Amino acid sequence: MAEANLQNEAAEAAAKGDAPLLQMVDVCKRFGGVQVLDNVSLEIGSNEIVGLVGDNGAGKSTLIKTITGVHLPTSGDIYYKGEKISIHSVKKSRKLGIETVYQERALADLQTIWQNMFLGREITNKLGFMNIKEEKRQSELMMREHMGFTSKAITVDTEVEFLSGGEKQGIAISRALYFKADLIILDEPTVALSLSETQRVQEFILDIKRRGHSAIYISHSIYLLYPVCDRFIVLDRGRVAGVLDKKDVTQDELQEKMVNLVKTGVLA
Amino acid sequence: MGEQAVITRLPEPTFKQKIARSKIEISIGIVTVGVFLVYLIGAPQVFTHYQIYYSFMTTIPITGILALALTFVITLGEIDMSFPSVMALGGLTMSTVYSNMSSVDYFGIPPLTLGILAGLGVGILCGLLNSLLIVGFGIPSIVGSIGTQFFFRGLVNVIAAGAGISMLAAQSGPESGVYFALAGKIQVTEGARLPMQFLWFIGLGVLCLVIAKRHRFGLHVSFVGDNKLAAQMMGVNVPRVRITAYVITGLAAAFAGIVSNLEVAYFYPSQGEDIMLPALAAVFIGGTSVLGGRGSVVGTFLGALIMGSLEAGIISLGFDGFWTKVFYGLIIMVSVSVYSFVMKKST
């Protein structure tokens with residue numbers, strides 16, 4: 001009964017257009033005897049970048065995998081655009097518009113840019129033959145329009161191995177934007193990158209907001225998260241320790257709070 | 001919509017970019033032309049006559065069809081060692097069904113056709129058993145397929161009990177048309193005949209090329225071989241791609257076995273035992289990387305032409321037959337070294 005009410009509320013909210021993009025209600029995840037997520041409730045609004053912070057083992061990775069359909073929650077509900085979802089697979093979550101950008105692993109190096117852009121979403125006829133011309137044309141569009149690639153040396157036929165780490169992440173983010181992902185999950189996207197490359201990726205992340213989409217940005221580094229995020233969700237040992245608005249906290253304060261949290265177990 | 005209209009046409013790739021994109025095919029193309037030039041110059045008395053090419057067109061397709069299918073498995077970064085035995089099992093199935101059912105029409109299908117279908121079906125089953133071990137149980141492909149290689153060959157030995165089966169009757173019976181379609185000879189001019197299996201080789205080569213370049217499956221094979229995790233994360237059904245590749249190899253091996261049986265009108269239990277290394281070598285000298293992610297169907301096709309012509313070529317050039325393997329070895333060593341060099345230079 002209670003669930004039905006909640007569902008109705010969510011549906012009404014969706015109808016009014018003010019439902020959060022993503023809502024998690026009392027989500028728990030247990031692996032064997034280990035409680036990795038403990039009654040996590042959170043919201044991601046539309047057109048906002050939310051930083052997910054927490055020490056190693058806080059449950060960030062499990063939380064993300066629960067959103068993207070890699071894991072099913074042990075209990076609790078997830079709502080997407082006001083509708084309750086039971087995501088069973090990565091494929092289904094992508095269909096809903098949730099896309100993940102991983103470290104450097106999401107592109108295949110020996111294959112060309114256009115092949116990577118459309119991987120798993122090829123434009124094909126009924127027999128599975130690809131419309132290569134159209135895929136290349138749209139990839140070209142993505143590169144020039146979304147990413148600002150103007151170099152003549154890099155074309156859609158360039159193999160990904162010739163791109164820098166930042167450019168690769170750019171491709172992964174543009175791919176997500178191009179396929180209308182409303183919620184892009186950035187899982188430590190700059191881990192393996194140089195400083196200048198990291199800066200490029202930061203620009204790509206700002207672009208997500210500029211284009212009206214939302215993102216969850218995971219990083220160990222507050223100084224990377226702070227400039228691009230609107231809000232911060234602090235995770236500690238599987239629980240949400242607190243949610244902070246950027247306007248209420250400076251970068252140094254946030255950093256300090258995180259250090260204290262590790263020491264004392266309290267977000268203060 | 002307005003955004004989409006900005007780019008209506010792709011910039012034409014420059015000549016240099018076109019060359020760079022096909023460097024493997026160009027390298028193996030040059031080697032092939034070079035090898036045949038050496039034959040022509042060194043043994044014009046043999047290589048200016050049609051007979052030697054007729055002989056090549058009869059024998060090369062068997063190795064070639066196997067190599068075409070193996071290209072997919074190797075591009076996956078895996079290997080199938082069982083295909084020589086699958087070849088024999090396919091041939092045995094066809095021959096046995098044919099010789100035992102000659103008086104009865106099962107399901108209204110005449111015996112040779114039934115035998116061929118059964119042989120191809122067994123090839124698919126062999127591919128599925130490989131998949132069960134390699135994809136299902138996660139056994140490394142080289143280990144799993146060595147196991148099935150022995151197992152399939154063992155089945156052949158047990159069922160055939162060391163004896164061969166004659167297929168001579170099929171050449172002239174009511175199903176001679178089926179026979180002709182697989183291993184017949186087309187009289188092109190008075191002195192020149194064209195073996196049907198060569199047409200199959202070309203046809204299947206074109207089919208594999210189109211699948212590799214333009215079909216989703218070919219693309220997914222390259223991605224799985226290159227970066228399995230990325231392919232999986234982007235929604236590629238990795239197990240299905242791998243299973244399909246093993247089934248294609250099983251099917252092709254059975255087909256090659258059947259054609260080879262019909263060509264000599266005889267099944268023999270040791271069939272295929274000498275074909276494993278030439279078929280694999282054809283794939284590797286064709287530029288397909290054993291590390292996966294990069295394959296070339298055109299390269300395999302040309303590689304099969306080189307591998308299949310070497311023995312006759314070397315003997316025609318006046319070398320003793322004992323030299324054959326030395327040249328096999330040299331060609332393989334040189335070509336894979338060239339690829340290693342060419343691919344490194346590009347990065």
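Is it fair to say A:Ala106 is more than 9 Å from every other protein chain (Cβ to nearest Cβ), part of a loop (DSSP other than H, G, I, E, B) and among the aliphatic types (A, V, I, L, M)? It is false that A:Ala106 is more than 9 Å from every other protein chain (Cβ to nearest Cβ), part of a loop (DSSP other than H, G, I, E, B) and among the aliphatic types (A, V, I, L, M).
Listed by position, the helices (runs of 4 or more DSSP H) inside the stretch A:111-180 whose residues that are free of Cβ contacts under 8 Å to residues at least 40 places away in the same chain, of a type in the set (A, V, I, L, M, F, W, C) and within 9 Å of another protein chain (Cβ to nearest Cβ) number at least 3 form an empty set. Out of curiosity, is A:Ile184 more than 11 Å from chain B (Cβ to nearest Cβ), more than 19 Å from A:Gly51 (Cβ to Cβ) and modelled with pLDDT of 85 or more? Here the answer is no, as A:Ile184 does not meet what is asked. Being in contact with a Pro (Cβ under 7 Å, 6 or more places away or on another chain) and outside any helix (DSSP H, G or I) is the filter here; which residues of the stretch B:165-213 pass it? Once the filter is applied, which keeps residues that are in contact with a Pro (Cβ under 7 Å, 6 or more places away or on another chain) and outside any helix (DSSP H, G or I), the stretch B:165-213 yields B:Pro174, B:Glu175, B:Lys185.
The set of residues in the stretch B:71-120 that are without any contact (Cβ under 8 Å) to a residue 24 or more places away in the chain and β-branched (Val, Ile, Thr) comprises B:Val97, B:Val104, B:Ile109.
Looking at this structure, is B:Leu89 assigned to a helix (DSSP H, G or I), surrounded by fewer than 24 Cβ atoms within 10 Å (Cβ to Cβ) and aliphatic (A, V, I, L, M)? Here the answer is no, as B:Leu89 does not meet what is asked.
Scanning the stretch A:1-32 for residues that are exposed (fewer than 10 other Cβ atoms within 10 Å of the Cβ) and modelled with pLDDT of 85 or more gives a single hit, A:Gly32. Residues of the stretch B:97-118 being modelled with pLDDT under 75 and not hydroxyl-bearing (Ser, Thr, Tyr), which ones? Listed by number, the residues that qualify are B:Val104, B:Asp105, B:Phe107. Among the candidates A:Ile173, A:Ile154, A:Ile208, the residue that is modelled with pLDDT under 85, surrounded by 14 or more Cβ atoms within 10 Å (Cβ to Cβ) and under 15 Å from the mean Cα position of the chain (by Cα) is uniquely A:Ile173. Within the stretch A:53-64, one or more residues are crowded, with 18+ Cβ neighbours inside 10 Å, under 18 Å from the mean Cα position of the chain (by Cα) and among the basic types (Lys, Arg).
If you go through the stretch B:201-214 and keep only what is within 7 Å of chain A (Cβ to nearest Cβ) and either more than 19 Å from A:Glu159 (Cα to Cα) or touching a residue at least 60 places away in the same chain (Cβ under 8 Å) (or both), you end up with nothing.
The values are calculated or read from the model by the stated rules, or taken from the named source; none is laboratory data. Here the structure is a predicted model, which is why all the values come from computation and not from measurement. Ideal geometry is used to build each Cβ from the backbone, glycine not excepted, and the neighbour counts take in all protein chains shown.
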